[in-house]
1. Let me make sure I get this right: for segment 129-181, a, b and c are the square roots of the gyration tensor eigenvalues over alpha carbons, sorted descending. Under 1.5 in a/c it's rounded, otherwise prolate if a/b > b/c, else oblate. Which is it?
2. Determine the shape class of segment 63-110: with a ≥ b ≥ c the square roots of the Cα gyration tensor eigenvalues, call it rounded for a/c under 1.5, and otherwise prolate if a/b is greater than b/c, oblate otherwise.
3. Taking all protein chains in place and a 1.4 Å probe, what share, in percent, of the accessible surface of segment 90-198 do carbon and sulfur account for?
4. Return a whole-number percent for the relative contact order of segment 93-185, with Cα pairs under 8 Å and 6 or more residues apart as the contact set.
5. When a/c reaches 1.5 or more, the comparison of a/b and b/c decides; with that in mind, is segment 74-155 rounded, prolate or oblate per its Cα gyration tensor?
6. Let's test the formula: R0 of 30 Å, r as the Cβ-Cβ distance of Asn69 and Ala92. What FRET efficiency results, to the nearest 0.05?
7. Sort the following peptides by mean Cβ neighbour count (other Cβ atoms within 10 Å, averaged over residues), highest first: 89-97, 74-82.
8. In segment 113-172, what chymotrypsin sites (Phe, Trp or Tyr not before Pro) fall in a loop by DSSP, with at most 15 other Cβ atoms inside 10 Å?
Amino acid sequence: SQLDMIHNWDAEDVDNTHRAHLRSLQDLGWGFGRGFEGAKPFPIRIVFVSRRPYSTSSGKRSTSRLIGNEDQIMAMLRRLPDSTTQLIDFAALRLSEQLRMITEQTDILIGMHGAGLTWTAVLPPHAALIELWPQPLGVWRCFEHISSWAGVLYRRWAAPSARKNDITNINVNELKVIMEDVLPAVRERVMRMPRRAS
């Protein structure tokens, strides 16, 4: 099975897979040639994943791990210097549109723990994932591990409540501190990317 294949991967397999991912991005020309226009820095592109109620395959309505203060988070993100922010709902996008969004329009991906963060595996190598977690304990580190395999930066914000709630209000000030740390790190990684020969 695919799960058995993943479990049987060794460090060399992971490294080779990551190198192949980088080569595919280079072949597509993604991200090359980005830089400074005069003294003005290029904007870092932030994608914030909205999590909405959805219906499961059994028809049950699910409201797990919703974010209660998306508007406040978006207001904070949009005030960050030299950056742009998009709020997206993966459920509203075709698979090809999701892939294009992640590989071509994302430098920093932010979202609540959930299947949508699996796209971290194909983020550009300079990018970062900020995972939001609805409780302080019981953290599943799957997306942290995917970030490591993909070579992208990883940060986590966890709610202080000991109870896993359906709706989590993110501490905007704490998230801002994380963003102020991650933004310059991502910008530096972009600048270190090799430039494509003309």
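1. oblate
2. oblate
3. 55 percent
4. So the answer I get is 24 percent.
5. rounded
6. So, using R0 = 30 Å, E works out to roughly 0.90.
7. Most protected by this proxy first, the peptides run 74-82, 89-97.
8. The qualifying sites are Trp140.
The values are calculated or read from the model by the stated rules, or taken from the named source; none is laboratory data. Treat the numbers as computed from the prediction; the structure is a model and nothing was measured. Note that each Cβ is placed from the backbone with ideal geometry, even for glycine, and that neighbours are counted across all protein chains shown. The protein model used for the area step is the full one, side chains on, heavy atoms only, and it has no ligands, DNA or RNA in it. Shrake-Rupley method; radii C 1.70, N 1.55, O 1.52, S 1.80 Å.
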